[in-house]
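Peer 1: The structure that follows is given in the form of structure tokens.
None of the figures in this text is laboratory data; all of them are computed from the coordinates on show. What you are looking at is a predicted structure, and each value in this text was computed from that prediction instead of being measured. Cβ: placed from backbone, ideal geometry, glycine included. Neighbour counts: every protein chain shown.
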């Protein structure tokens with residue numbers, strides 16, 4: 001049997017129905033336009049004001065950064081820019097408050113919690129202690145660094161380390177590990193009073209004498 005041909009009247013009715021729906025939508029849009037324009041103008045004004053405020057704050061931070069030697073040294077660390085360096089230098093100017101790099105990273109909440117089950121120690125999620133803003137900025141910086149390193153072009157020790165982890169761990173987990181590494185490096189730069197050295201290796205602690 002041949003397939004029945006579509007009814008001409010039905011097709012014309014559908015077309016008219018679609019045209020009617022479009023016309024109704026146009027009418028509704030015209031009716032809403034004045035209110036929408038008022039709301040959009042207010043939103044644009046608020047956004048413009050925010051942009052001006054952000055620009056002014058960026059300029060102020062930039063000027064303060066120029067006269068802060070510690071912040072300038074910290075800014076050389078991968079993942080640490082002017083904003084993070086300025087924040088760290090003002091919040092934690094004295095590294096002696098912390099016993100070491102690990103304690104500094106732990107203070108910022110960038111070390112995993114430890115759980116003991118069945119005599120085995122397992123690492124869980126990061127503790128998220130300390131300053132949330134600093135931790136968030138370090139994570140964002142670490143994420144940006146990872147995106148640059150994952151293409152395989154860089155051959156630095158950090159790039160090799162990051163790519164090895166990325167080969168077996170999720171990106172976000174590696175970003176947290178890198179944020180921890182950045183925090184430890186920040187403490188090291190502050191403690192040594194020197195600029196960041198990509199190939200710096202901390203001296204090994206002397207072995208304790210047997211009792």
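Peer 1: Neighbour counts of other C-beta atoms within 10 Å: give me 186, 38, 77 arranged from fewest to most.
Peer 2: Sorted ascending by nearby Cβ count, the order is 38, 77, 186.
Peer 1: For the peptides 131-142, 187-198, 100-111, what is the packing order when you average, over each peptide's residues, the other Cβ atoms within 10 Å and list the highest mean first?
Peer 2: Sorting 131-142, 187-198, 100-111 by mean packing, highest first, produces 100-111, 131-142, 187-198.
Peer 1: By how many nm would the segment from residue 172 to residue 72 grow when fully extended, if each residue of separation counts as 0.36 nm and the alpha-carbon distance is taken off?
Peer 2: Full-extension gain reported as 33.2 nm.
Peer 1: Which order do the peptides 170-179, 58-67 take when ranked by the mean count of other beta-carbon atoms within 10 Å per residue, highest first?
Peer 2: 170-179, 58-67
Peer 1: Along the Cα→Cβ direction, 7 angstrom out, place labels at residue 48 and residue 103. What is the inter-label distance in nm?
Peer 2: According to this spin-label approximation, the distance is 5.3 nm.
Peer 1: Residue 150 label point, 7 Å along Cα→Cβ, cut-off 13 Å on backbone N: hits in the range 156-183?
Peer 2: Taking a point 7 Å out along Cα→Cβ of residue 150, the residues of the range 156-183 whose backbone N falls under 13 Å are 162-176.
Peer 1: Quick one: 143, 185, fewest Cβ neighbours within 10 Å first, how do they rank?
Peer 2: By the 10 Å Cβ count, ascending, the order reads 143, 185.
Peer 1: Report the calculated FRET efficiency for residue 64 and residue 133 (r = Cβ-Cβ distance, R0 = 25 Å), to the nearest 0.05.
Peer 2: E between residue 64 and residue 133, to the nearest 0.05, is 0.90.
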